[in-house]
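Structure first, commentary second.
The values are calculated or read from the model by the stated rules, or taken from the named source; none is laboratory data. Fair warning: this is a prediction, and the values are worked out from it, not measured in the lab. Here the Cβ positions follow ideal geometry from the backbone for every residue, glycine too, while neighbour counts run over all protein chains shown.
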Amino acid sequence: MALSKKPVTGMKDILPEEMQIRDYVISVIKETYGKFGFTSIETPCVENIANLSNKQGGENEKLIFKILKRGEKLKLESAQCENDLVDGGLRYDLTVPLVRYYSNHANELPSPFKALQMGNVWRADRPQRGRYRQFMQCDIDILGEPSNLAEIELILATTTTIGKLGFKNFQIRINDRQILKAMAAYSGFPEESYDDVFITLDKMDKIGPEGVESELLADGFAKESVDKYLELFKGIEAAENGLDYLMGKLDGFLEEEVMTGLKEIMESVSATKSADFALVFDPTLVRGMSYYTGTIFEIAMPEFGGSCGGGGRYDKMVGNFTGNNVPACGFSIGFERIILLLMESGFKVPTQPAKVAYLIEKGIGGEELCQVIAQAQEERKNGKQVLVVRMNKNKKFQKEQLLKDGYEEFKDFYKNPLK
């Protein structure tokens, strides 16, 4: 059987043109986040299957690439269930590995700890535009900071980075899980059904209020509760200030400090931002991960027509590992979608060194070759990017390809200088 040249479905080979942009974006991310005090870390791509399937990863737990036990531990004949066969999995995000990492090294880390983590993750998802089964994630997290300073710093660091990459007129949508729960409680939904209500609410931008109403009624919820719930959203839309409107409506269902805290985040970010974006309160924002406990946020870009990143507060996740809760908040950039938008816009990496190609006739060797390479080394010392290659028979086509790669200066070296 012939070997396949194509990558596995949902994964891709990255050509040099895209790789150059990816490297540039990574450098901008690391430099910018570094100025905000974030420290780079790295975790393994494989995690214990129990950590990955602890009912906090939402729908992503259905998309885990699971790893069979190895050697003598793999007993196919006596296996009764999947757990007898599987002990690990490829990470589906960077948050679970980070929390395990922090739980294991907390005594060696500063408090609060500001972490930057970049790496590939894997999800057995349905591939589509901007969505792959293997993709790079870029996360910043602050652990050990209970105040909304964490949210403010995360939003400012992320938007500053996106702004440096040339994006404008995007939105940061913001909400709070406690507000979502208070709205559900006010409407009369049973507490054990909140997650089901939120799953339907999360579809609001796709199916509209009528679609949300139909789904909630089809799921067996009381019409009185559904009507009361949707009236809240109509009231927010009509109100001059949605937060103030909700503060009045949810009195007795929501602590005032939740609203005042969200207001402070929005006012502080809006007053000190350096990028061109709008910070918008969105009561329909849910975020799929059940580990979120408070503030949640998402990046919306008109060019993409969807989310290009998001995050929120997850104060109880460390406690699952250590027994002691630690305040934690994070923000993830949709790295692959950012790259897609840059590629589609014809983005060129700025401030590249001059690129020179030395084309050497195949007969040149020995001392002559050393002289050519020495000349190339001298140009490299002076800041130029020098490619030394042998001439092809079709030199014209070779130069055309090099021009596409950004080489604008050519030096030809022949064994016979009169050529």
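Mind telling me which of the residues N325, N320 ends up being under 30 Å from Y186 (Cβ atoms) and in a helix (DSSP H, G or I)?
None of the others qualify; the one that does is N320.
Going by the structure shown, is S27 exposed (fewer than 14 other Cβ atoms within 10 Å of the Cβ), assigned to a strand (DSSP E or B), assigned by TED's automatic domain parsing to the domain that holds N104 and not acidic (D, E)?
So S27 fails the test.
Regarding D139, is this residue modelled with pLDDT of 95 or more and either of a type in the set (D, E, K, R) or under 30 Å from E18 (Cα atoms) (or both)?
yes
Looking only at residues that are of a type in the set (S, T, Y) and modelled with pLDDT of 95 or more in the range 93-136, which one is farthest from G261 (Cα to Cα)?
Per the criteria, the residue is Y101.
Being under 34 Å from the mean Cα position of the chain (by Cα) and either surrounded by fewer than 18 Cβ atoms within 10 Å (Cβ to Cβ) or outside any helix (DSSP H, G or I) (or both) is the filter here; which residues of the range 182-202 pass it?
Result: A185, F189, P190, E191, E192, S193, Y194, D195, D196, I199, D202.
Determine whether the range 340-357 contains at least one residue that is closer than 30 Å to F113 by Cβ, in the same structural domain as P127 (by TED's automatic domain parsing) and either among the aromatic types (F, W, Y) or surrounded by 14 or more Cβ atoms within 10 Å (Cβ to Cβ) (or both).
No, the range 340-357 contains no residue that is closer than 30 Å to F113 by Cβ, in the same structural domain as P127 (by TED's automatic domain parsing) and either among the aromatic types (F, W, Y) or surrounded by 14 or more Cβ atoms within 10 Å (Cβ to Cβ) (or both).
Please specify each residue of the range 363-387 satisfying the condition of being among the aliphatic types (A, V, I, L, M) and modelled with pLDDT of 90 or more.
L369, V372, I373, A374, A376, V386, L387, listed by residue number.
Among A50, A2, which is the only one that is small (G, A, S), part of a loop (DSSP other than H, G, I, E, B) and surrounded by fewer than 14 Cβ atoms within 10 Å (Cβ to Cβ)?
A2
Which of the residues that make up the range 240-257 are in a loop (DSSP other than H, G, I, E, B), free of Cβ contacts under 8 Å to residues at least 40 places away in the same chain and surrounded by 11 or more Cβ atoms within 10 Å (Cβ to Cβ)?
N241
Among (1) free of Cβ contacts under 8 Å to residues at least 40 places away in the same chain; (2) of a type in the set (S, T, Y); (3) farther than 22 Å from Q171 by Cα, where does Y229 come up short?
(1)
For the range 320-332, name all the residues that are at pLDDT below 95 and not polar (S, T, N, Q).
Answer for the range 320-332, where residues must be at pLDDT below 95 and not polar (S, T, N, Q): F321, G323.
From F36, F65, grab the single residue that is surrounded by 13 or more Cβ atoms within 10 Å (Cβ to Cβ), under 30 Å from E344 (Cβ atoms), in contact with a Leu (Cβ under 6 Å, 6 or more places away or on another chain) and not polar (S, T, N, Q).
That would be F65, the only listed residue that is surrounded by 13 or more Cβ atoms within 10 Å (Cβ to Cβ), under 30 Å from E344 (Cβ atoms), in contact with a Leu (Cβ under 6 Å, 6 or more places away or on another chain) and not polar (S, T, N, Q).
Any residue in the range 352-372 that is in a loop (DSSP other than H, G, I, E, B) and on the phi > 0 side of the Ramachandran plot?
no
Among the residues of the range 373-409, how many are of a type in the set (A, V, I, L, M, F, W, C) and not in a helix (DSSP H, G or I)?
Within the range 373-409, residues that are of a type in the set (A, V, I, L, M, F, W, C) and not in a helix (DSSP H, G or I) number 5.
Is there a residue being assigned to a helix (DSSP H, G or I), at pLDDT below 95 and either of a type in the set (K, R) or at positive phi (or both) anywhere in the range 203-214?
Checking the range 203-214: at least one residue is assigned to a helix (DSSP H, G or I), at pLDDT below 95 and either of a type in the set (K, R) or at positive phi (or both).
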